[in-house]
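The structure under discussion appears below in the form of structure tokens.
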Amino acid sequence: MNIHYLQHEPFEDLAAIEKWAKQHAKNITCTKLYEKHTFPDPDSFDMLIIMGGAMGVYQEDIYPWLKEEKKYIKKAVEKNKKVLGICLGSQFLAEALGAKVYKNKEKEIGWFDIEFTGESKNDKYFSNFPSKLKVFHWHGDTFDLPEGARHIAFSKACKNQAFTYKENVVALQFHIEATKKSIDELAYNCGSELVEGNYIQKKEDIIKHSGQTEEMNRLMFSILDKMK
């Protein structure tokens, strides 16, 4: 298996996914969107992973490379590649499948519960998940559910937390790939977002719980095992 991933920030890499990828992939390549870049031919990989970032998919005036990336992601989906999108990546997938992406009513940053829908129990990737799970969040945008997608999870702050599409697309608004290191990096680099809010935790509370990633990572790996 060959894996290619799209990285939008120097501090938002594969995190725990890197461990899984090194065990299961023959080749791991990366396009760093924050540097001068080119995209490889989609036929050169089996799985595409789209990571998070501080930008919005609608900010093409500020980040002109978004247009090219959107076309690339849509092409990978149409070629039936296995595609996993996390946070910003899930928003890219929602838009690629024809849904709207926009600012959520609340920013959701920190450790909050998500609940899984009835549809998740019959889904290939989520049938083994619990009914409720505390996960790490860092997002201000959300998306509508694409037509034909399965609604997998929701939270009090955000109605659409995850979806799957056909057998090849998994979109996660939350960060179950997170490690203590990746959470610490986010808190350091994006700390200015930690203002007063209904669903924004204080930096010390985020860091205090950043070691509680083992169960999240186990479930992330279970999704990846089913995608390979």
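Take the residues in the stretch 173-216 that are in contact with a Ser or Thr (Cβ under 7 Å, 6 or more places away or on another chain) and within 15 Å of A16 (Cα to Cα); name whichever of them is surrounded by the most Cβ atoms within 10 Å (Cβ to Cβ).
Filtering the stretch 173-216 down to residues in contact with a Ser or Thr (Cβ under 7 Å, 6 or more places away or on another chain) leaves 173, 178-180, 183-184, 213.
Applying the additional criterion that residues be within 15 Å of A16 (Cα to Cα) yields 178-180, 183-184, 213.
Working: A178: 27, T179: 23, K180: 14, I183: 23, D184: 15, T213: 23.
Per the stated criteria, the residue is A178.
Quick check: is even one residue across the stretch 80-100 modelled with pLDDT of 95 or more, surrounded by 21 or more Cβ atoms within 10 Å (Cβ to Cβ) and acidic (D, E)? No, the stretch 80-100 contains no residue that is modelled with pLDDT of 95 or more, surrounded by 21 or more Cβ atoms within 10 Å (Cβ to Cβ) and acidic (D, E). Consider F136 carefully, then state whether it is closer than 26 Å to A76 by Cα and either assigned to a strand (DSSP E or B) or within 15 Å of the chain's Cα centre (by Cα) (or both). Taking the combined requirement at face value, the residue does not satisfy it. When residues in the stretch 22-39 are screened for being closer than 20 Å to V169 by Cα and either loosely packed, with under 15 Cβ neighbours inside 10 Å or touching a helix residue (DSSP H, G or I) at 6+ places or on another chain (Cβ under 8 Å) (or both), 4 of them pass.
I'd like to verify a number: residues in the stretch 111-133 that are assigned to a strand (DSSP E or B), buried (at least 21 other Cβ atoms within 10 Å of the Cβ) and of a type outside the set (A, V, I, L, M, F, W, C), how many?
As a first pass, look at the stretch 111-133 and keep what is assigned to a strand (DSSP E or B): 111-116, 132-133.
Restricting the remaining residues to those that are buried (at least 21 other Cβ atoms within 10 Å of the Cβ) gives 114, 116.
Then keep just the ones that are of a type outside the set (A, V, I, L, M, F, W, C); that gives none.
Summing the residues that are assigned to a strand (DSSP E or B), buried (at least 21 other Cβ atoms within 10 Å of the Cβ) and of a type outside the set (A, V, I, L, M, F, W, C) in the stretch 111-133 gives 0.
If you filter the stretch 50-80 down to residues that are among the β-branched types (V, I, T) and closer than 19 Å to F174 by Cβ, you find that the one that is nearest to the chain's Cα centre (by Cα) is I50.
The set of residues in the stretch 1-21 that are buried (at least 21 other Cβ atoms within 10 Å of the Cβ), part of a loop (DSSP other than H, G, I, E, B) and at negative phi comprises H8, E12, L14, A16. Does S120 satisfy the criteria of being in contact (Cβ under 8 Å) with a residue 24 or more places away in the chain, small (G, A, S) and touching a Ser or Thr at 6+ places or on another chain (Cβ under 9 Å)? Spelling it out, S120 is indeed in contact (Cβ under 8 Å) with a residue 24 or more places away in the chain, small (G, A, S) and touching a Ser or Thr at 6+ places or on another chain (Cβ under 9 Å). Listed conditions (1) under 25 Å from M216 (Cα atoms); (2) in a loop (DSSP other than H, G, I, E, B); (3) of a type outside the set (F, W, Y); (4) without any contact (Cβ under 8 Å) to a residue 24 or more places away in the chain are all met by E35, apart from (1).
Just one of (1) over 25 Å from F11 (Cα atoms); (2) of a type outside the set (A, V, I, L, M, F, W, C); (3) assigned to a strand (DSSP E or B) fails for P146. It is (3).
The values are calculated or read from the model by the stated rules, or taken from the named source; none is laboratory data. Since the model is a prediction, treat every value here as computed from it, not as a measurement. Methodologically, a virtual Cβ is constructed for each residue, glycine included, from the backbone with ideal geometry; neighbour enumeration extends over all protein chains shown.
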